[in-house]
Number of protein chains: 2
Amino acid sequence: MKTITIKDIAKECGVGVSTVSRAINNHPDISDETKERIMKVIRENNFTPNSTARNLKFTQTKTIAVLIKGIENPFFQKMLKVFEEEIQNKKYTFLLHRVDSNQDELEVALQLIKERKLKGIIFLGGCFSHDEKRLKQITVPFVLSTISIFDGVDKNIYSSVSVDDIKESKKAVDCLCDYGHEKIAILAAQPWDTSISGLRIEGYKRALAERNIPINKNLIRYTLEEVNAFTMENGYKLMKELLESEEEFTAVYAVSDSMVIGAGKAILESGKKIPEDYSIMGFDGLDISYYYNPSISTIRQPVEDMAKETSEILFNLIENNAYNSHKIFEGELLVRQSIARLNK
Amino acid sequence: MKTITIKDIAKECGVGVSTVSRAINNHPDISDETKERIMKVIRENNFTPNSTARNLKFTQTKTIAVLIKGIENPFFQKMLKVFEEEIQNKKYTFLLHRVDSNQDELEVALQLIKERKLKGIIFLGGCFSHDEKRLKQITVPFVLSTISIFDGVDKNIYSSVSVDDIKESKKAVDCLCDYGHEKIAILAAQPWDTSISGLRIEGYKRALAERNIPINKNLIRYTLEEVNAFTMENGYKLMKELLESEEEFTAVYAVSDSMVIGAGKAILESGKKIPEDYSIMGFDGLDISYYYNPSISTIRQPVEDMAKETSEILFNLIENNAYNSHKIFEGELLVRQSIARLNK
DNA sequence: TTGTATGCGTTATCAA
DNA sequence: TTGATAACGCATACAA
């Protein structure tokens with residue numbers, strides 16, 4: 001089956017190729033009559049312009065890449081859905097690209113920009129700690145979504161959408177403290193993760209510091225190297241170790257809902273109860289945190305809104321030449337069954 | 001910043017463009033010496049060939065599309081990850097395309113094939129009930145993954161990877177029956193879903209029939225139109241209705257783990273216990289089914305293997321011109337805490 | 001082994 | 001309002 005081209009259409013209509021092109025692209029310089037005639041033939045022949053050739057002309061392709069680290073993280077799922085929708089709606093091509101946890105997302109991005117002539121990039125997940133110089137290499141608009149970045153980097157060279165991880169994290173720990181807990185364990189990612197995990201630990205520390213609760217290093221449980229941190233499995237393992245360590249604690253806070261669900265399993269398996277023996281608190285606000293038994297207290301991030309904002313900012317950057325902007329969303333503390341007041 | 005092309009490299013090396021092209025593509029007709037020289041310049045200039053132009057030459061692009069209905073279904077997540085990996089490994093481009101539940105996936109596929117000159121397609125999810133004629137319109141290799149299709153369609157025109165939904169479903173219900181349950185409710189998708197949901201209902205019916213347990217239509221709970229069937233939320237709603245209907249039952253089987261988790265929530269909220277008051281059983285074998293409390297009995301589908309097989313079949317079709325093939329995987333019944341023996 | 005010229009399917013420029 | 005023609009960046013047949 002020979003693929004049908006714009007030339008064939010032109011021949012069939014007895015017009016030049018440029019006229020056909022004009023018809024397709026709604027150019028003004030064409031009479032309604034010929035346009036109608038051409039469109040009819042196009043429909044009849046079921047012709048679709050070859051987007052590859054198109055893109056070659058445009059030098060820039062209308063594609064937006066989502067670079068995602070930790071594609072298995074359910075937290076990203078809803079966001080992905082929104083991105084896909086928005087990008088499809090805008091008639092752009094959606095390019096999903098997974099980047100390995102040990103890969104440098106900037107390298108990948110640079111490569112992709114050149115190879116695919118991207119219009120924009122959304123970075124999702126990963127520990128984003130690149131300096132200004134490297135960030136500047138990225139020549140197309142990009143948005144860091146739900147990624148916090150260090151201060152010290154010029155805010156004008158990138159856009160971001162996130163929650164204030166330190167603040168929200170402090171909220172979570174504050175809540176536990178308000179319930180009377182002082183010996184609070186925290187399940188975190190690797191020590192070198194200064195992004196999400198690091199910031200949330202910082203929030204944890206600040207909450208405790210504010211109440212003059214000394215920080216017990218043994219209660220800060222880091223994930224081992226090479227392990228996928230934000231998973232139920234990892235939460236389960238970390239919790240198991242903690243329980244076996246015989247370090248005393250009354251509450252567990254994990255830097256993600258997935259982790260805390262794993263942790264919950266470990267607790268229940270050990271014969272202890274939630275929240276009677278241990279209170280648990282997560283972060284993210286996945287649907288499952290509500291459906292879990294007991295339902296899990298957490299900080300809900302407004303993912304859909306955040307994803308929408310992300311693509312909005314990106315399209316503003318791309319189409320309206322807007323300035324880089326930063327949107328911080330408010331998290332919502334959801335107090336549910338998983339925490340109990342501590343009677344001393 | 002002018003984008004650098006193969007021409008620039010050629011000029012810089014003092015050779016012709018074709019020589020550069022040969023160097024890039026590992027052609028035999030080139031001396032190692034010049035090749036080295038060219039590659040060096042390429043590295044220095046940080047040059048990447050424009051894949052758009054490349055694709056235009058090839059007429060066919062090396063891209064594989066994954067058409068997915070119900071992208072929010074966590075069941076697909078692990079598969080997506082595998083696909084993305086495999087496709088990236090094979091140096092193909094991975095094109096993820098969501099299709100709305102009311103969209104016709106074949107239409108979308110046809111469109112995409114022409115527009116993007118696809119090499120192959122993976123269909124994921126959705127109710128696949130197209131007839132032979134329409135299936136034949138798809139001119140590139142494709143694999144239906146975890147989608148069951150009617151008999152009556154010529155097996156030679158498509159490939160598929162799945163479990164035997166009827167058989168596995170029967171396994172699940174058999175298990176409940178073995179535990180003494182007879183009044184077993186089933187939470188299903190819409191009545192018109194003759195694919196996954198329909199087949200699993202069939203398995204349910206066969207299990208009951210084999211034991212001469214009459215089928216109570218009131219215990220078959222269908223999802224309302226327009227609702228996303230395979231979600232926790234939907235399972236929750238369906239279960240709530242069932243509980244309020246005062247229809248008697250002792251066990252609930254849902255056609256997906258997500259649904260059964262929602263159902264579990266509804267049960268617990270009503271003050272009943274699992275498995276003391278109601279036994280519950282899911283399907284899919286999501287990680288969460290293990291971590292849930294109580295852990296949920298389910299039929300585990302070997303998703304990773306299935307995804308790998310899917311891409312293997314597809315690449316065989318594409319690269320080795322293999323015949324269409326069909327792989328049926330065995331599900332694994334996981335009996336966990338969520339079911340109890342019924343003492344009459 | 002290398003270089004030149006042509007074409008892939010479009011869009012854009014220019015002249016008609 | 002149209003049509004011929006030159007790009008876009010690359011690969012390749014063919015000539016050298």
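The values are calculated or read from the model by the stated rules, or taken from the named source; none is laboratory data. Keep in mind it's a predicted model, so treat the numbers as computed, not measured. Ideal geometry is used to build each Cβ from the backbone, glycine not excepted, and the neighbour counts take in all protein chains shown. Side chains included, ligands, DNA and RNA excluded: accessible areas come from the protein's heavy atoms. Shrake-Rupley method; radii C 1.70, N 1.55, O 1.52, S 1.80 Å.
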Worksheet item: What tally of residues in segment B:176-190 results from selecting those that are open to solvent by less than 10 Å² (accessible area, probe 1.4 Å) and either assigned to a helix (DSSP H, G or I) or of a type in the set (Gly, Ala, Ser) (or both)?
Response: 4
Fill in: Pair list, Cβ under 6 Å, 6 or more apart: segment B:87-100 residue touching a residue at least 60 places away in the same chain (Cβ under 8 Å) and more than 8 Å from chain A (Cβ to nearest Cβ), other residue crowded, with 17+ Cβ neighbours inside 10 Å and not β-branched (Val, Ile, Thr)
B:87/B:94
Worksheet item: What is the one condition in (1) touching a residue at least 60 places away in the same chain (Cβ under 8 Å); (2) over 23 Å from residue B:309 (Cβ atoms) that residue B:64 does not satisfy?
Response: (2)
Worksheet item: Got a number for residues in segment B:1-14 being within 14 Å of another protein chain (Cβ to nearest Cβ), touching a residue at least 24 places away in the same chain (Cβ under 8 Å) and surrounded by fewer than 17 Cβ atoms within 10 Å (Cβ to Cβ)?
Response: 4
Item to complete: Report yes if some residue within segment B:191-211 is free of Cβ contacts under 8 Å to residues at least 60 places away in the same chain, surrounded by fewer than 16 Cβ atoms within 10 Å (Cβ to Cβ) and hydrophobic (A, V, I, L, M, F, W, C); otherwise report no.
Response: yes
Discussion item. Exactly one of these conditions fails for residue B:71: (1) under 19 Å from the mean Cα position of the chain (by Cα); (2) among the β-branched types (Val, Ile, Thr); (3) more than 7 Å from chain A (Cβ to nearest Cβ). Give me its number.
Written reply: (3)
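Residue-wise test of (1) at pLDDT 90 or above; (2) more than 10 Å from DNA strand D (Cβ to nearest atom); (3) not assigned by TED's automatic domain parsing to the domain that holds residue A:288.
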| site | (1), (2), (3) |
| --- | --- |
| A:1 | no, yes, yes |
| A:7 | yes, no, yes |
| A:17 | yes, no, yes |
| A:20 | yes, no, yes |
| A:25 | no, yes, yes |
| A:39 | yes, yes, yes |
| A:57 | no, no, yes |
| A:69 | no, yes, yes |
| A:74 | no, yes, yes |
Response to the item:
In segment A:226-243, anything part of a helix (DSSP H, G or I) and within 14 Å of chain B (Cβ to nearest Cβ) is listed as A:232, A:233, A:234, A:235, A:236, A:237, A:238, A:239, A:240
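The rows are residues; the columns are (1) open to solvent by 30 Å² or more (accessible area, probe 1.4 Å); (2) at pLDDT 95 or above; (3) touching a Lys or Arg at 6+ places or on another chain (Cβ under 7 Å); (4) within 18 Å of residue A:293 (Cβ to Cβ).
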{"position": "B:255", "(1), (2), (3), (4)": "no, yes, yes, no"}
{"position": "B:271", "(1), (2), (3), (4)": "yes, yes, no, yes"}
{"position": "B:300", "(1), (2), (3), (4)": "yes, yes, no, no"}
{"position": "B:320", "(1), (2), (3), (4)": "yes, no, no, no"}
{"position": "B:344", "(1), (2), (3), (4)": "yes, no, no, no"}
Practice prompt. With respect to residue B:152, determine if the residue is surrounded by fewer than 17 Cβ atoms within 10 Å (Cβ to Cβ) and part of a loop (DSSP other than H, G, I, E, B).
Written response: yes
Worksheet entry | Sole exception among (1) in contact with a helix residue (DSSP H, G or I) (Cβ under 9 Å, 6 or more places away or on another chain); (2) more than 16 Å from DNA strand C (Cβ to nearest atom) for residue B:102, by number | (1)
Worksheet item: Quick one: how many residues across segment B:329-342 are in contact with a strand residue (DSSP E or B) (Cβ under 6 Å, 6 or more places away or on another chain), open to solvent by 30 Å² or more (accessible area, probe 1.4 Å) and part of a loop (DSSP other than H, G, I, E, B)?
Response: 2
Worksheet, complete the sentence: Condition set within 42 Å of the chain's Cα centre (by Cα) and among the hydroxyl-bearing types (Ser, Thr, Tyr), scope segment B:1-51, selection nearest to DNA strand C (Cβ to nearest atom): answer is B:21
Item to complete: Name, by its number, the condition in (1) without any contact (Cβ under 8 Å) to a residue 40 or more places away in the chain; (2) within 8 Å of DNA strand D (Cβ to nearest atom); (3) within 24 Å of residue B:59 (Cα to Cα) that does not hold for residue A:31.
Response: (3)
Worksheet, complete the sentence: When segment B:240-253 is checked residue by residue, the ones that are open to solvent by 10 Å² or more (accessible area, probe 1.4 Å) and not hydroxyl-bearing (Ser, Thr, Tyr) are B:240, B:241, B:243, B:244, B:246, B:247, B:248, B:249
Response to the item:
When (1) open to solvent by 30 Å² or more (accessible area, probe 1.4 Å); (2) in contact with a helix residue (DSSP H, G or I) (Cβ under 6 Å, 6 or more places away or on another chain) are applied to residue A:169, the one that fails is (1)
Worksheet item: What do you reckon, is residue B:286 of a type outside the set (D, E, K, R) and without any contact (Cβ under 8 Å) to a residue 12 or more places away in the chain?
Response: no
